[in-house]
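Data first, discussion second: the structure below is written as structure tokens.
The values are calculated or read from the model by the stated rules, or taken from the named source; none is laboratory data. What you are looking at is a predicted structure, and each value in this text was computed from that prediction instead of being measured. Backbone-built Cβ (ideal geometry, glycine too); neighbour counts: all protein chains shown.
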Ligand SMILES: Cc1ncc(C[n+]2csc(CCOP(=O)(O)OP(=O)(O)O)c2C)c(N)n1
Ligand code: SF4
Ligand SMILES: [Mg+2]
């Protein structure tokens, strides 16, 4: 981090986003710019890694290091990046299909290992780039290009999954609320361990205007008295009833990250004491 003032403009590339007008991902991108500017994170201290999908185009629009990789492979690449360069802020991004279908296995292991990175899913409940097939978060009964009579599968709640898998920080956002999403991103980026933020980001092309119209009135903040260290309480905000979409930090329970554990093992094996703090850990790996 730096004391230099950074503005949103400093994080923009010359590429213009090619998303459809009205796509929720524009607002997500704005939140990323604002979060990085507010945190005063130097562009060269940051890497944004994605898979493939409309949402996975995002690294091309952010003037940090970036990697638009393979479908479903954002998390293993982000994990390798963090282990090889622990001083970098690693942010993985992508779609619901990318992260929960083909990439679902990697989601499981990044969460249980508590890899020290932030992961933002742009959840439009559809495969946008490939023209509107149902995906893992498509609600039961919804008609899509691949489920013309209605989706026979039950959609999964990504936050429910993340909490169950061992993520140490889990939150939900609505892309239309740029301020709220920005604040959640800032906390996710500075969290020590695996921070998962599911951002509901409507697809106007394959889900129509209805998705935004249906979702916006359901959005409500997590109650002020919610104990975010309570796993069971957090689970109650997942798989919510049809008229409610709670946004905010659902679960936060810090624990040793993968990097901490690896250093701990190495120090134990060498018979020397574990370095006391985060700065020490980063210095050992630098
Ligand atoms: C190995 C592989 N399988 C399938 C595809 C085709 N494919 C590209 S993007 C995509 C789904 C994208 O959906 P999502 O991740 O939800 O992103 P969105 O476009 O909705 O933002 C698929 C199936 C691919 N590129 N590579
Ligand atoms: S197809 Fe959907 S997700 Fe893709 S850019 Fe267009 S509105 Fe966004
Ligand atoms: Mg999608």
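Before moving on, here are some points about what is shown:
- Whichever residue in the range 222-250 is outside any loop (DSSP other than H, G, I, E, B) and in contact with a helix residue (DSSP H, G or I) (Cβ under 8 Å, 6 or more places away or on another chain) and, among such residues, is surrounded by the fewest Cβ atoms within 10 Å (Cβ to Cβ): 231
- Count of the range 125-157 residues which are in contact with a helix residue (DSSP H, G or I) (Cβ under 6 Å, 6 or more places away or on another chain) and over 14 Å from residue 207 (Cα atoms): 1
- Filtered residue count, the range 39-90, keeping only those that are away from ligand 3 (no atom under 16 Å from the Cβ), touching a residue at least 60 places away in the same chain (Cβ under 8 Å) and under 20 Å from residue 29 (Cα atoms): 3
- Checking residue 170 against (1) closer than 22 Å to residue 27 by Cα; (2) within 16 Å of ligand 1 (Cβ to nearest atom); (3) touching a strand residue (DSSP E or B) at 6+ places or on another chain (Cβ under 8 Å), the condition it does not meet: (2)
- Number of the condition not met by residue 211 [criteria: (1) touching a helix residue (DSSP H, G or I) at 6+ places or on another chain (Cβ under 9 Å); (2) surrounded by 15 or more Cβ atoms within 10 Å (Cβ to Cβ); (3) modelled with pLDDT under 90]: (1)
- Test: residue in the range 195-210 that is away from ligand 1 (no atom under 16 Å from the Cβ) and outside any loop (DSSP other than H, G, I, E, B): yes
One line per residue, one yes/no per condition, for (1) within 16 Å of ligand 1 (Cβ to nearest atom); (2) buried (at least 24 other Cβ atoms within 10 Å of the Cβ); (3) closer than 26 Å to residue 222 by Cβ; (4) without any contact (Cβ under 8 Å) to a residue 12 or more places away in the chain:
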site	(1), (2), (3), (4)
92	yes, yes, yes, no
119	yes, yes, yes, no
133	yes, no, no, no
177	no, no, yes, no
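- Flag for residue 130 being within 12 Å of ligand 3 (Cβ to nearest atom) and part of a loop (DSSP other than H, G, I, E, B): yes
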